[in-house]
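Colleague: So that we are looking at the same thing, I have put the structure below in structure tokens.
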Amino acid sequence: MQSEYLHLLLVPALTHALPLAALGLLLAIVFRSPAASRLALALILISGAMVWPAVHYGEASYDQVKSMIYAGGVDWLNVHRWRAAHYAWVFYVAAGCALFALLLPLKWPRCRQPLTLLTLVAALGASAAGSYIAYPGGRVRHKELRHGPPSATERHSAQKACDPPP
């Protein structure tokens, strides 16, 4: 399977599954359900870890996608690439918090609630970062979603980051 299709198959884990898992964790906290909390934490861990293959396959498909799109989409592609490269760490933080929230309470039960709350905040932050990264990604191939080019500041920083070194 081509890398651009694998990238498109993995992205919903970051943009859809992670926010739903965060919502599930919030509900588990509200209803004080340890089983639901563990399930939501496991989903956050898996969804957050999906950023690695999504970024990997996105980078692998950059040249192929760039050759398929019109000039207006190239700017959006570069902004999407720049945002993914600079904000992927947020997903790793959410996955790491979920891992700690699953494992550390086995030894120290009193840390369950603070770690669960920390994971909820990290998952919400990763959900926001996923939306921020996906916004220009949706405009790469879909002209109907574009209402002009990316801002000059974003274009400049993304172009500078995407240019090969001299």
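The values are calculated or read from the model by the stated rules, or taken from the named source; none is laboratory data. None of these values were measured; they are calculated from a predicted model. Note that each Cβ is placed from the backbone with ideal geometry, even for glycine, and that neighbours are counted across all protein chains shown. All accessible areas refer to the heavy atoms of the entire protein, side chains included, with ligands and DNA or RNA removed. Shrake-Rupley method; radii C 1.70, N 1.55, O 1.52, S 1.80 Å.
Colleague: Which condition does GLY24 not pass, out of (1) open to solvent by 80 Å² or more (accessible area, probe 1.4 Å); (2) within 18 Å of GLY130 (Cα to Cα), if it passes all the others?
Modeller: With respect to (1) open to solvent by 80 Å² or more (accessible area, probe 1.4 Å); (2) within 18 Å of GLY130 (Cα to Cα), GLY24 is out only on (1).
Colleague: List the pairs whose first member sits in the stretch 42-70 and is touching a residue at least 12 places away in the same chain (Cβ under 8 Å) and surrounded by 19 or more Cβ atoms within 10 Å (Cβ to Cβ), whose second member is in a loop (DSSP other than H, G, I, E, B) and small (Gly, Ala, Ser), and whose Cβ atoms are under 8 Å apart, counting only residues at least 6 apart or on separate chains?
Modeller: Close Cβ pairs satisfying both conditions: VAL51/ALA88; VAL55/ALA88.
Colleague: Having 2 or more residues that are farther than 17 Å from GLY137 by Cβ and of a type outside the set (Val, Ile, Thr) is the bar; report the helices (runs of 4 or more DSSP H) wholly within the stretch 1-110 that clear it.
Modeller: Numbers: elements: 3-12, 18-30, 34-49, 51-60, 62-68, 71-87, 89-107.
The helices (runs of 4 or more DSSP H) meeting that bar are 18-30, 34-49, 89-107.
Colleague: All but one of (1) touching a residue at least 24 places away in the same chain (Cβ under 8 Å); (2) out of contact with any helix residue (DSSP H, G or I) (no Cβ under 6 Å at 6 or more places or on another chain) hold for VAL90, so report the exception by its number.
Modeller: Only one criterion is unmet by VAL90, namely (2).
Colleague: Condition check: in contact with a Gly (Cβ under 9 Å, 6 or more places away or on another chain) and open to solvent by 90 Å² or more (accessible area, probe 1.4 Å). Does LEU39 satisfy that?
Modeller: For LEU39, the condition - in contact with a Gly (Cβ under 9 Å, 6 or more places away or on another chain) and open to solvent by 90 Å² or more (accessible area, probe 1.4 Å) - is met.
Colleague: (1) at pLDDT below 95; (2) assigned to a helix (DSSP H, G or I): which one isn't true of VAL140, the others all being true?
Modeller: Result: VAL140 passes all but (2).
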